[in-house]
Amino acid sequence: MKSLSIWEKQTSYAPADVLIIGAGLMGLWTALELKKSRPALRITLVERNSTPLGASTRNAGFACFGSPTELLSDIQTMGEQAMLDLAGMRWQGIQKIRAHFPDAVIGYDPCGGYECINDMDAGELDDKLNYLNQLLLNITSEQAVFQRVDERMPALGLCAFNHLVANRTEAALHSGMLVEQLSAMALSKGIRILYGLTATRFEKTTAGYTLFVDDTISLTAKQLVCCTNAFTNELLQEPVISPGRGQIILTSPIPNLPMQGTFHFDEGFYYWRHLGDRILLGGGRNIDFAGEETHSLEGSAIIREALTAFLRQHLHPSIAFTVEQSWSGIMGFTGNKKPFTGFTPAGPYAAIACNGMGVALTPIIAETVATDILNHF
Ligand SMILES: Cc1cc2nc3c(=O)[nH]c(=O)nc-3n(C[C@H](O)[C@H](O)[C@H](O)COP(=O)(O)OP(=O)(O)OC[C@H]3O[C@@H](n4cnc5c(N)ncnc54)[C@H](O)[C@@H]3O)c2cc1C
């Protein structure tokens, strides 16, 4: 163990009331929610990278509560009420993000969204949209969240899709700016964030927990919260969380890009949006589920090529582009597509696994986490 100076012991590494591992969206919102409920709490976040590195700064920046085929698939997996509960949380989460930050500082763009659909005829699709619109009315107060607008496809530069469904409540934001703003807000409220420290193991003590970071420093706290998402099983055996790599490509600038908005296809397995005059496109995990169940950030050429081919197939041939950048991030998945929150068999609390849609979920899940943790003080 490294010997700490008295200064370090009394500041950066001082005992905390709550230690949070992971400074992604979940960790940051959790810290802020705890501080809001109890301003005197001493809260320290431990993040192993120089900036959060998992999903929060690597995603596509959709502020969405779900596309039609994704919501329908969720009903199959988890039932109607559970789908509605999650969609409702995402809807509230978007409002909460906007209540915290002016649109300009998080790059919030109320551009509206679309889903492209190929495997349904118009009548069947309209019936399903009516059904979803009825269900979602109580959440959004919008009479018709989803509307079939096939005629808009040419003007958006899209081709080789049968149908287009618009969702005018959907939006996009800048994920890096959101994380930066949340981190700055946390620091301004006296929350400590220690970057570059890996939590390697913990011990339960009579006073709470001792957390060992990089095997050189130990930190103590009354409560320990893992917001470690896909990496949770490095520290905790349960619950079991599967990693899922998401890969993204970004095109060159496209002069007069006609496509504005966020777009989904195939239950959310493909998603794209305009980013200024470029197109950001991600997904394709369903091409190779087994290969993408990995913690490695190194992307795969197979998926990158499939994403590029998808774009060439569905963008009007007159729209020329090259792929200028690509990156990947790691999501955390549960078997039932529901996030996990709760105390784990080993003791620490875990708030993890937004199953690939955490931008709008994390602000609301953090409220549950704060309530649960404060009930244990
Ligand atoms: C490619 C991609 C596209 C996505 N697109 C969208 C989208 O458009 N809209 C949407 O809503 N959601 C999207 N998501 C999902 C969304 O980004 C996540 O649900 C959300 O960011 C999860 O936040 P988190 O804080 O739980 O996890 P993470 O952001 O992964 O944060 C976990 C943090 O814990 C840290 N950590 C882990 N282990 C340790 C340890 N032992 N010690 C110290 N630190 C540790 C990691 O370094 C990491 O920073 C996407 C995800 C990906 C990968």
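Here, each number is a calculation from the coordinates, and none is a lab measurement. In this text, all values refer to a predicted model and were calculated from it rather than measured experimentally. Cβ sites come from the backbone with ideal geometry, for glycine too, and all protein chains shown count toward neighbours.
Taking the Cβ of I217 as the center, what net charge do the other residues with Cβ under 11 Å away carry, scoring Lys and Arg +1 and Asp and Glu -1?
On the way: positive: K2, K9; negative: E8, D214, D215.
Summing Lys and Arg as +1 and Asp and Glu as -1 gives -1.
So, by mean Cβ neighbours within 10 angstrom, what's the order for 62-70, 145-153 with the highest one leading?
Working: 62-70: 25.1, 145-153: 16.9.
Put in order of decreasing packing, that is 62-70, 145-153.
Report, to the nearest 10°, how far helix 362-374 tilts away from the longest principal axis of the Cα atoms in the chain, using its own Cα long axis and a range of 0 to 90°.
It works out to around 30 degrees.
Once both axes come from the Cα atoms, what is the angle between helix 122-140 and the longest principal axis of the chain, in degrees from 0 to 90, rounded to 10?
40 degrees
Taking the chain, how many lysine pairs are there with alpha carbons less than 21 Å apart, if each pair must be eight or more places apart or span two chains?
14
Using the alpha-carbon centroid of each, what span in Å lies between the stretch 347-365 and the stretch 157-208?
The stretch 347-365 and the stretch 157-208 have Cα centres separated by 10 Å.
Counting pairs of alpha carbon atoms under 8 Å apart in space and at least six apart in sequence, what relative contact order in percent does the stretch 276-337 give?
Working: 23 pairs, mean separation 25.8, N = 62.
Relative contact order comes out at 42 percent.
Work through the residues other than E203 whose Cβ is under 15 Å from its Cβ and net out their charges, Lys, Arg +1 and Asp, Glu -1. Walk me through the numbers on the way to the answer.
Numbers: positive: R201, K204, K222; negative: D215.
Net charge in that neighbourhood comes out at +2.
Any idea which of T232, G276, L194 is furthest toward the positive side of the dipole for the chain, if Lys and Arg beta-carbons carry +1 and Asp and Glu beta-carbons -1?
The residue sitting farthest along the positive end of the dipole is L194.
Let me check I've understood the local charge: for L28, count other residues with C-beta under 12 angstrom from its C-beta, Lys and Arg +1, Asp and Glu -1. What total comes out?
Details: positive: K35, K189; negative: E33, E47, E180.
Its environment carries a net charge of -1.
Stretched out fully, how many nm does the piece from E324 to N130 gain, at 0.36 nm a residue minus the Cα gap?
On the way: separation 194, 0.36 × 194 = 69.84 nm, distance 3.99 nm.
The E324-N130 span can extend by a further 65.8 nm.
Most fluctuating residue of N256, N130, N118 in a GNM of the chain with Cα springs under 10 Å: which is it?
N256
Just from its helices, what would the mean residue ellipticity at 222 nm be for the chain, if runs of 4 or more DSSP H residues each count -39500 (n - 2.57) and the sum is divided by every residue, rounded to the nearest 500 deg cm²/dmol?
-9500 deg cm²/dmol
For the residue pair S188 and T210, what label-to-label distance in nm results when each label sits 7 Å from Cα along the Cα-to-beta-carbon direction?
Placing both labels 7 Å beyond Cα along the Cβ direction yields 3.8 nm.
Can you give me the angle between helix 80-100 and the longest principal axis of the chain, using Cα atoms only, in degrees from 0 to 90, rounded to the nearest 10?
Between helix and principal axis, roughly 70 degrees.
Magnitude of the Cβ-charge dipole of the chain, K/R +1 and D/E -1, about the Cα centre, nearest 20 debye?
Numbers: 28 positive and 37 negative charges, 302 e Å.
Using Cβ point charges on Lys, Arg, Asp and Glu, the chain gives about 1440 debye.
Using packing as a proxy for protection, rank 257-267, 199-209, 23-33 so that the peptide with the highest average count of other Cβ atoms within 10 Å comes first.
Details: 257-267: 20.1, 199-209: 14.8, 23-33: 28.2.
By packing density, highest mean first, the sequence is 23-33, 257-267, 199-209.
In the P(r) worked out for the chain, what percent of Cα pairs fall beyond 27 Å?
Values: 34713 of 70876 pairs.
For the chain, the share of Cα pairs beyond 27 Å comes to 49 percent.
Please state the relative contact order of the chain as a whole percent: Cα pairs under 8 Å, 6+ residues apart?
Details: 770 pairs, mean separation 92.3, N = 377.
This gives 24 percent for the chain.
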